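Read through the structure below, which is laid out as structure tokens, and then see the notes.
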Amino acid sequence: MARVLGSFALLALVFCVAVAADDSPLQDFCVADMNGHVLVNGYTCKNPSWVQAEDFYYGGLHMMGNTSNSLGSKVTPVFVTQVPGLNTLGISLARIDYAPWGVNPPHTHPRASEILTLLEGSLEVGFITSGPENRHISKVLYKGDVFVFPENLIHYQKNNGNTNAIAIAALSSQNPGVISMASGVFGAIPEIPVDILAKGYKINGDAVSNIQHKF
Ligand SMILES: *[C@@H]1O[C@H](CO)[C@@H](O)[C@H](O)[C@H]1NC(C)=O
């Protein structure tokens, strides 16, 4: 019994070692073979001899994203799906455009911390901590400012001015993932039962249905 417990303690220790990003590759690169059919944690590797510069390349990030939507913001991802050479490397980035007063609403990245650089405009940004519970850390950013959103925490950005804003966000995963608080909860398919959301959000069922219909 003691030995079994000891083994669990050892296991617990091993898994305590913080993984700060996607696992390190054991080769120079593992350019994603997008046509591979084997399911692994990422994509299988292309034969290194067949790899080309294009596999590590993305063009067009100077182009403004289309912010003509109800939020007034647009994320242009440069993840492994766009750049197969990012496979197994634990990094990626995105361009984010904001129309005047546009919002990138509260969301999390289940696999990545994010470091955002504001290139143009002004943003109001923030995230919520789990300890202390629900502490709101926020700041107004100006051109040239950098802000960090720690992995998994709910965060948001809002354009704080009447000009366009542009940011570049770097993320510590080839595939950061995104869970939107609003559409994740109120736009789930199939939907989360109304009574559950009504209790959880302390609102009545009609208010829940009303929000659900918007997603
Ligand atoms: C931007 O998106 C809107 C809404 O989807 C669309 O009507 C419009 O044509 C798009 N503009 C450009 C330049 O693609």
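Here are some notes:
- Highest mean packing first, where packing is the average number of other Cβ atoms within 10 Å per residue, the peptides 56-68, 196-208, 141-153 line up as 141-153, 196-208, 56-68.
- All Cα-Cα distances of the stretch 55-177, cut into 5 Å bins from zero to the largest, leave 2, 12, 21, 23, 20, 14, 6, 2, 0 percent in each bin in turn.
- Sequence ranges 84-93, 186-195, 127-136, ranked by mean other-Cβ count within 10 angstrom, highest first: 84-93, 186-195, 127-136
- For the pair D33 and N164, a Förster radius of 45 Å applied to the C-beta separation gives a FRET efficiency near 0.75, rounded to the nearest 0.05.
- Here the 3J(HN,Hα) profile of the stretch 178-186, calculated from phi with Karplus coefficients 6.51, -1.76 and 1.60 at θ = phi - 60°, is 9, 10, 7, 4, 6, 6, x, 7, 9 Hz, Gly and Pro shown as x.
- Close amide H contacts of T88 (hydrogens built in the peptide plane, cut-off under 5 Å, sequence separation of 5 or more or a different chain): Y43.
- In terms of packing, defined here as the mean over residues of other Cβ atoms within 10 angstrom, the peptides 170-176, 43-49 line up highest first as 170-176, 43-49.
- Contact order relative to length of the stretch 39-156, as percent, for alpha carbon pairs under 8 angstrom and 6 or more apart: 22
- Long hydrophobic helices in the chain, taken as whole DSSP H segments with a C-alpha length of 18 Å or more on their own axis and mean Kyte-Doolittle hydropathy at least 1.6: 2-16.
- Mean residue ellipticity (222 nm) of the chain, computed from DSSP H runs ≥ 4 via -39,500 (n - 2.57), nearest 500: -5500 deg cm²/dmol
- Listed values for the stretch 78-86 are Karplus-derived 3J(HN,Hα) couplings in whole Hz (6.51 cos²θ - 1.76 cosθ + 1.60, θ = phi - 60°), namely 10, 9, 4, 5, 8, 10, x, x, 7, and x replaces Gly and Pro.
- Estimated from the Cβ-Cβ distance and a Förster radius of 35 angstrom, the FRET efficiency linking Y58 and R135 is about 0.45.
- Here's the list of lysines a cross-link from K74 could span, going by alpha-carbon distance under 22 Å and ignoring same-chain residues fewer than 8 apart: K139, K143, K158, K214.
- The stretch 135-215: relative contact order as a whole-number percent, Cα under 8 Å and 6+ apart: 19
- Each listed q (0.13, 0.14, 0.18 Å⁻¹) maps to a log10 I(q)/I(0) for the chain from the Debye sum over equal C-alpha point scatterers, namely -0.93, -1.03, -1.29.
- Across the stretch 25-32, computed HN-Hα scalar couplings (Karplus, 6.51 cos²θ - 1.76 cosθ + 1.60, θ = phi - 60°) run x, 9, 9, 3, 7, 9, 4, 4 Hz from first to last residue, x flagging Gly and Pro.
- Counting other Cβ atoms within 10 Å as a rough exposure proxy, the listed residues E54, E114 run E54, E114 from fewest neighbours to most.
- Normalised per residue, the volume of the convex hull around the Cα set of the stretch 108-215 (Å³): 131
- Residues V83, V38 arranged by fewest to most Cβ contacts within 10 Å: V38, V83
Since every read-out is calculated from the coordinates, none of them should be taken as a lab result. All values reported here derive from a predicted model rather than from experimental measurement. Note: ideal-geometry Cβ built from the backbone for every residue, glycine included; neighbour counts use all protein chains shown.
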